[in-house]
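Comments concern the structure below.
FYI, it's all coordinate maths here, none of it is from the lab. Note that the structure is predicted; figures quoted are calculated from it, not measured. Here the Cβ is made from the backbone with ideal geometry for all residues, glycine too, and neighbour counts use every protein chain on show.
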Amino acid sequence: MSSERWNLFFKKYSNLKIYAIDLPGHNKSSKLDEYSLPIFKKIIEDFFEKYKNKRNYIIGHSLGALLAFELAQTVENELQGVFLEEPGWLDEFPDIKDFGPNPFIIQNKSKWKTPIDAINNYKELDPEGFDENPYKASLTALRFYINDIKISTNFDFKPQNYQNIAKSLSIKIYVARANLEKGGMIPEQSKSKALESNKSIVFKEFDTGHNIMSESTDEYFEFVSEFLNHR
């Protein structure tokens, strides 16, 4: 996940110190020979070690939410809570090459000689997105253009044992859950399993697709502010 996604956070919570991290292979960060959640976790752990503070919060989206949950288990003593937007709590995960926009990226990225090529080509995949918000859709295309292609082809992904992590944590856990019919990635069964493991988890349902912050910004930030006790 690229740090640019969190620009809204900088504006909304300008009085807080926020670190938004470009994971390897994303945006301005360097590329790696291979990618996996444990590799990402080790890098973020090293970063986190430099900024220990028992008032920390971790917030993540999608893959970043899975990473945040894994990290919370390691550095719980330094945290107030963890906020997860749409972690992929799936018992079975599709091949990374078949997930989301990856088939389109794999098929077309070699043809993109310039960012404009990526934007024009991406219009074919998401014409409605360009009609609704051409700026946001163009930024998405630019991320695909910049990010390492190996993230779409060779990411070693395994389903997360979210039940064990949830059971082990005593900090505040908030989860923003999207509509499954619109692209959400937390099935009802996974939600139930998480709550069985930790009854204090706070879920909020959003009638959106996977990118809740972009699709329901005001309602999303109300939930984040509740999590941060920030009004």
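Exposure proxy shown here: for TYR162, TYR13, the number of other Cβ atoms within 10 Å sets the order, fewest to most, as TYR13, TYR162.
For ILE59, the residues whose amide H sits under 5 Å from its own are PHE83, ignoring neighbours fewer than 5 places away on the same chain, with H placed 1.01 Å from N. Counting every other Cβ atom within 10 Å of each residue's Cβ, ILE201, ILE119 order from fewest to most as ILE201, ILE119.
Which entry in (1) 39, 20, 16; (2) 33, 23, 18; (3) 28, 19, 19 matches semi-axes √(5λ) of the Cα gyration tensor in Å derived from the coordinates of this structure? This structure yields the entry labelled (3).
By the rule of a C-alpha distance below 24 Å, with chain neighbours fewer than 8 residues away ignored, the lysines paired with LYS111 are LYS28, LYS31, LYS97, LYS123, LYS136, LYS150.
Once both axes come from the Cα atoms, what is the angle between helix 63-74 and the longest principal axis of the chain, in degrees from 0 to 90, rounded to 10? Approximately 30 degrees, to the nearest 10. Averaging Cα coordinates gives a centre for segment 155-228 and one for segment 98-115; these two points are 28 Å apart. Taken about its Cα centre, the chain carries a charge dipole of about 840 debye when Lys and Arg each add +1 at the Cβ and Asp and Glu each add -1 at the Cβ. Amide H contacts for TYR35 (H built 1.01 Å from N in the peptide plane; partners 5 or more residues away or on another chain; cut-off under 5 Å): ASP156. For the chain, the longest principal axis of the C-alpha atoms and the axis of helix 134-146 are separated by about 90°. Within segment 30-47, what residues put their amide N at less than 19 Å from the label point 7 Å along the Cα-to-Cβ vector of ARG143? Those under the cut-off are 30-32, 35-37, 40-41, 44. Annotation note: GluC sites (Glu not before Pro) in segment 1-87 located in DSSP loop regions with a Cβ neighbour count of at most 14 within 10 Å are GLU34.
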